[in-house]
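The values are calculated or read from the model by the stated rules, or taken from the named source; none is laboratory data. Just so it is clear, the structure is predicted and the values come from calculations on it, not from any experiment. Note that we place each Cβ from the backbone using ideal geometry, even for glycine, and neighbour counts take in every protein chain shown.
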Amino acid sequence: MSVTHIDDKIKRVDAVEKARGEAIYLADLKFDSMLYSRLIRSTIARGRIDRIKVPSLPDGYYFISAKDIPENGKNALKMIADDWRCFADGDVKYVGETIGILVGSDRGVLDKLYKEFEITYTEETPVVTIDDAIKNEAAPLCKENNIMCSLVSDKGEDINEVLSKAAEVIEETIETGFQEHVHLETNGAIATIEDGRYVIYASAQCPFYIRKSICGLLGLNPEDIVVKQTVTGGAFGGKEHFPDVLAGPLLLAESIIKKPIQLSFDREEDMLYSVKRHPSKIMFRTGVDRDGNILGSDIKVYYNCGAYLSSSYVVLQRGVFHANGVYNFPSTRIEGYGMATNTFPSCAFRGFGAPQTIFAIETHLDHIARKFGYDPAIYKKKYFLKKGDETVTEGHIIEDVKLPEMMEQITSASDYYRKSAEYGYGSGRGIGISFYNHGGAFTGNGEQAIIKGRLKLVKDGDKFTVLCGQTEMGQGFRTALRKIVASTLEVGMDEVVFDAPNTDLVPDSGPTAASRSTMIVGNLGYRAALLMKEKMNEEHAEVEVQYEHPEGHPWDQSTFKGDAYLGYGWGAACVEVEVDKLTNEVTVKGVWTSHDIGKPIDELIVHGQVNGGVMQSLGYAAMEKMENTTGHFKQSSMSDYVIPTSMDFPKQEYFFVDNPYPWGPFGAKGMGELVFNGTDAAYVDAVERALGITCTKIPIPVEDIEGLRR
Amino acid sequence: MSMIEFKLNGKPVAFDGNPLKRLLDVIRDDFGITGTKEGCGEGECGACSVLKDGKLVTSCIIPVGAVGGCEIITIEGLRDTPQGKCLVESFAEGGAVQCGFCIPGMVMAAEALLMNNPHPTEADIRLAISGNICRCTGYDLIVESILLASKKGEGLW
């Protein structure tokens, strides 16, 4: 067995079984006498339920709803708060809210019964958009003003005074739309009973979240439920909290029926009735002097949270802490508001609130640069954050910022400066540029105060088993962690075992989210392996490690002051386009990116993450349009919600800079979300230049560009 | 209803049921082989791709009644052939696989391409897999893996 080294080029451990079609995803799992189920959902955005007419159910078919929750149970899914009801009861707050679960053995019969449900409502005027929520004309959905959560961050002098002294105050509003995850595997879960205990199999990112969220329905403790992750066909945040919404009704049904029950969404259900990226509206008042130098910016950030809080407050915090992008302005004030609406609750999606505000600041700065006749790249560079600079949370940047070097890489590779000067504004050709970052792991001291991640390493002869709750969802962590542990132990990767988590068998290492797996849990694996090296002579040995926050980086969660993130990933992107001025058809000619992820743990994995994240960002800007003005999503399939194909964007050119992070394994930082956070703005910048237009809202599919040209 | 007879992965099979049942469901439920995935159910994403008489089709929009007398090859029928092994190995080596849900369909699309064009260009490959959606990879490493297969599998196609 050859020893694995961290710089070895290796094959992913799960690649062959997936490519051979042998990996068992949720819908491939079969149990004896397994039943199937469908959720019965609200068809209106807001109102009272007057009557539910349940069709006559054949023997062995069940309809289970809020009334079936036992007396010691609570009708709530405990995510961060517990406001999300497992079943609507009395009223409904959004289209698609779960009213009940229909269970039986034959899927054809279930489909027929599903259509026979008659639910009558007294409808009320819904609050659907951010503007609806701000205007507050319908009865407020949350408090007196629809504000579900809010926070303020500022630095420098009083922003109103700064703006009052400015030569000019530039006001601009930037908006972003819903984005659907479109993980190729839809959401699904199975509930069953094994050895007298409730077991949930789920396509999910966070098995420990599920048991915590649903146990209260039956008055149980989290430990009373076992969650086993199945091979997960993509997630991107869409399977962070949302699996709870499937697992809750399944658990209640299981407690009554006591046979294996599967719930698996078809694509239409997954599009219409699942969480999305928060739409945003971001309003700037930026004070500049006569030469266009920025004196300060007053930023108001509004996110559409939908009807329940889910993870929205945390998403909003991240949005606010990233609202000044990679820049250091003398003064900044950022107010963030999470608005309650009668839409499907918004939740985690790769980037977790940062992409919206980063897109907004990048685009806003492009417009200011253009107004004063500067090249955006040169204009933005003046404000790049540097090591030691104060952040908007009164913390500091505690690492070297290699943006100038990264900018040099992408501008050279793309020939940016020549093209930027030569391609006239409105010439049909354009090159755009953007800069971005992403704070790794949970904000502030969340890793220590909230998560307290633990990992265990067990030695049995020549075999080392890693036990932790991290999941593989496509991002490559099963391979990365085995590689980290094997190279630290100086053994071969084949000697290290790391399976999909079962909550009964592994310690809780925290969620697979927030770009924390490699940076935080990877480092737990590294530390455990170092300890294990002392025990290599023992036949059987165990070590367990827990997260330790580095000294000297305080955070106050009540005031949001301190070092919000110990290490950021940093990014820079160029996109070049040609636009047919007759048809507005955009052809992307090149995409160049550079990322600082500390140190890449595996060349192929990070290459794939960059390509995929950048592509999702391009889709977000260029094509992925999900509309909702009535409470109903207008797009319901992969033919009307279009995501990028192999033909839409060219091969990407990518670079990394080396910037080892002292508290990450082998110097690695987070990267999964970073790579989503900025190419959208470079694309929009390029299209604006090519057509001589100003764009303040994404997406801009071809059919919408004509409107911008008028 | 009459029996629908066809060849599935080289073996003669018969389906006795609703001829409008989707080929995908017949493969997965009636014959119990699950390498073929359902991604969208409307022929848009290619996760359910199989070969029907050597042509790439999406099995979610083909009624089983339309395959009487045909030869259907799924990933299970391809993976242990020299061509299938070469593709699987190249996908693993080239880093084409992330969540993996689109990959069996993607391998079928690559096989369909290489059967007709053993030495494709990057542009040929992009066109050939344009009906197969992948949300994870951004396609670059899939394209490179198919190029790799075409090189490593010289003479196989």
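Need a quick list: helices (runs of 4 or more DSSP H) entirely within the stretch A:102-217 having at least 2 residues that are buried (at least 19 other Cβ atoms within 10 Å of the Cβ), assigned by TED's automatic domain parsing to the domain that holds A:Pro70 and in contact with a Pro (Cβ under 6 Å, 6 or more places away or on another chain).
Ranges flagged: A:207-214.
Quick check, is A:Thr471 within 14 Å of chain B (Cβ to nearest Cβ) and touching a strand residue (DSSP E or B) at 6+ places or on another chain (Cβ under 8 Å)?
So A:Thr471 passes the test.
May I ask you to list the residues in the stretch A:250-275 that are among the charged types (D, E, K, R) and either within 14 Å of chain B (Cβ to nearest Cβ) or surrounded by fewer than 22 Cβ atoms within 10 Å (Cβ to Cβ) (or both)?
The answer is A:Lys258, A:Lys259, A:Asp266, A:Arg267, A:Glu268, A:Glu269, A:Asp270.
Going through the stretch A:534-547 one residue at a time, which ones are over 10 Å from A:Lys459 (Cβ atoms), of a type in the set (D, E, K, R) and surrounded by 13 or more Cβ atoms within 10 Å (Cβ to Cβ)?
Within the stretch A:534-547, just A:Glu544 meets the criteria.
Which of (1) more than 27 Å from A:Ala15 (Cβ to Cβ); (2) not in a loop (DSSP other than H, G, I, E, B) is the odd one out, the single condition A:Leu455 does not satisfy?
Among (1) more than 27 Å from A:Ala15 (Cβ to Cβ); (2) not in a loop (DSSP other than H, G, I, E, B), the lone unmet condition for A:Leu455 is (1).
So for the stretch A:33-40 (the condition being surrounded by fewer than 22 Cβ atoms within 10 Å (Cβ to Cβ) and either modelled with pLDDT under 95 or within 14 Å of chain B (Cβ to nearest Cβ) (or both)), does at least one residue qualify? Spell out how you get there, then give the answer.
We begin by selecting, within the stretch A:33-40, every residue surrounded by fewer than 22 Cβ atoms within 10 Å (Cβ to Cβ); these are A:33-34, A:36, A:38-39.
With either modelled with pLDDT under 95 or within 14 Å of chain B (Cβ to nearest Cβ) (or both) added as a condition, the list becomes A:34, A:36.
Yes - at least one qualifying residue is present in the stretch A:33-40.
Can you tell me how many residues within the stretch A:75-92 are charged (D, E, K, R) and closer than 19 Å to A:Pro243 by Cβ?
Selection size over the stretch A:75-92: 4.
Could you give me the residue pairs with C-beta distances under 6 Å whose first residue belongs to the stretch B:30-48 and is of a type in the set (Val, Ile, Thr), whose second residue is in a loop (DSSP other than H, G, I, E, B) wherever it lies, and which are 6+ apart or on separate chains?
B:Thr36/B:Cys48; B:Thr36/B:Thr74
Between a residue in the stretch B:114-127 that is closer than 17 Å to A:Lys589 by Cα and any residue that is among the small types (Gly, Ala, Ser) and outside any helix (DSSP H, G or I), which pairs come within a Cβ distance under 7 Å, given they are 6 or more apart or on different chains?
B:Arg126/A:Ser646
Name, by its number, the condition in (1) within 11 Å of another protein chain (Cβ to nearest Cβ); (2) assigned to a loop (DSSP other than H, G, I, E, B) that does not hold for B:Leu20.
Every condition holds for B:Leu20 apart from (1).
Find the residue count for the stretch A:593-612, including only residues that are closer than 22 Å to A:Tyr416 by Cα and within 13 Å of chain B (Cβ to nearest Cβ).
Residues of the stretch A:593-612 that are closer than 22 Å to A:Tyr416 by Cα, as a first pass: A:593-596, A:610-611.
Subset that is within 13 Å of chain B (Cβ to nearest Cβ): A:593, A:610-611.
Total satisfying the criteria: 3.
Per-residue answers, yes or no, for (1) modelled with pLDDT under 95; (2) crowded, with 20+ Cβ neighbours inside 10 Å; (3) away from chain B (no Cβ under 14 Å):
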position	(1), (2), (3)
A:Asn628	no, yes, yes
A:Phe633	no, yes, yes
A:Val657	no, no, yes
A:Ala668	no, yes, yes
A:Thr696	no, no, yes
A:Ile700	no, yes, yes
A:Gly707	yes, no, yes
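Kindly indicate which of B:Cys40, B:Cys45, B:Cys60 is in a helix (DSSP H, G or I), within 22 Å of A:Thr232 (Cβ to Cβ), not assigned by TED's automatic domain parsing to the domain that holds B:Ile146 and not aromatic (Phe, Trp, Tyr). Please lay out each step first, then the result.
Values: B:Cys40 fails: in a helix (DSSP H, G or I); B:Cys45 fails: in a helix (DSSP H, G or I).
Just one listed residue meets the conditions, B:Cys60.
Given the criteria more than 30 Å from B:Val50 (Cα to Cα), outside any loop (DSSP other than H, G, I, E, B), away from chain B (no Cβ under 14 Å) and over 28 Å from the mean Cα position of the chain (by Cα), does A:Asp50 qualify?
Taking the combined requirement at face value, the residue satisfies it.
Looking only at residues that are of a type in the set (S, T, N, Q) and surrounded by fewer than 24 Cβ atoms within 10 Å (Cβ to Cβ) in the stretch A:220-239, which one is farthest from A:Phe344 (Cα to Cα)?
The residue in question is A:Asn221.
Can you tell me which residues in the stretch B:101-130 are within 8 Å of chain A (Cβ to nearest Cβ) and under 18 Å from B:Ser59 (Cα atoms)?
B:Phe101, B:Cys102, B:Ile103, B:Pro104, B:Val107, B:Ile129, B:Ser130
Quickly run through the stretch B:46-82 and pick out the residues that are in contact with a Gly (Cβ under 7 Å, 6 or more places away or on another chain) and either among the β-branched types (Val, Ile, Thr) or farther than 28 Å from B:Lys151 by Cβ (or both). Spell out how you get there, then give the answer.
To start, the set of residues in the stretch B:46-82 that are in contact with a Gly (Cβ under 7 Å, 6 or more places away or on another chain) comprises B:46-49, B:58, B:60-61, B:74-79.
Result: B:Cys48, B:Thr58, B:Cys60, B:Ile61, B:Thr74, B:Ile75.
What single numbered condition from (1) within 21 Å of the chain's Cα centre (by Cα); (2) over 28 Å from A:Lys386 (Cα atoms) fails to hold for A:Ser617?
Checking A:Ser617 against (1) within 21 Å of the chain's Cα centre (by Cα); (2) over 28 Å from A:Lys386 (Cα atoms), the one that fails is (2).
Counting only residues that are in contact with a strand residue (DSSP E or B) (Cβ under 8 Å, 6 or more places away or on another chain) and hydrophobic (A, V, I, L, M, F, W, C), give me the helices (runs of 4 or more DSSP H) lying completely in the stretch A:338-418 with at least 3 of them.
A:354-371, A:403-414
Residue by residue through the stretch A:448-485, note down the ones that are crowded, with 23+ Cβ neighbours inside 10 Å and of a type in the set (Asp, Glu).
A:Glu472
Here is a list of conditions, (1) part of a helix (DSSP H, G or I); (2) exposed (fewer than 13 other Cβ atoms within 10 Å of the Cβ), and A:Val521 meets all of them except one; can you say which number that is?
All conditions are met except number (2).
Quick test for you: out of A:Gly440, A:Gly432, A:Gly428, pick the one residue that is more than 30 Å from B:Cys134 (Cβ to Cβ) and more than 14 Å from chain B (Cβ to nearest Cβ). Write out each step before concluding.
On the way: A:Gly440 fails: more than 30 Å from B:Cys134 (Cβ to Cβ); A:Gly432 fails: more than 30 Å from B:Cys134 (Cβ to Cβ).
Sole residue among the options that is more than 30 Å from B:Cys134 (Cβ to Cβ) and more than 14 Å from chain B (Cβ to nearest Cβ): A:Gly428.
Pull out all pairs, ordered by first then second residue, where Cβ-Cβ is under 7 Å, the residues are six or more apart or on different chains, the first lies in the stretch A:610-625 and is under 12 Å from B:Asp140 (Cα atoms) and among the basic types (Lys, Arg), and the second is modelled with pLDDT under 95 and surrounded by 24 or more Cβ atoms within 10 Å (Cβ to Cβ).
Once the first residue is under 12 Å from B:Asp140 (Cα atoms) and among the basic types (Lys, Arg) and sits in the stretch A:610-625, no partner that is modelled with pLDDT under 95 and surrounded by 24 or more Cβ atoms within 10 Å (Cβ to Cβ) comes close enough.
Condition check ((1) basic (Lys, Arg); (2) free of Cβ contacts under 8 Å to residues at least 24 places away in the same chain) across all residues:
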site	(1), (2)
A:Leu57	no, no
A:Lys67	yes, yes
A:Ala88	no, no
A:Lys93	yes, no
A:Thr98	no, no
A:Ser105	no, no
A:Tyr114	no, no
A:Thr125	no, no
A:Ile130	no, no
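Quick check: anything in the stretch A:53-69 exposed (fewer than 14 other Cβ atoms within 10 Å of the Cβ), of a type in the set (D, E, K, R) and part of a strand (DSSP E or B)?
Scanning the stretch A:53-69, I find at least one residue that is exposed (fewer than 14 other Cβ atoms within 10 Å of the Cβ), of a type in the set (D, E, K, R) and part of a strand (DSSP E or B), so the answer is yes.
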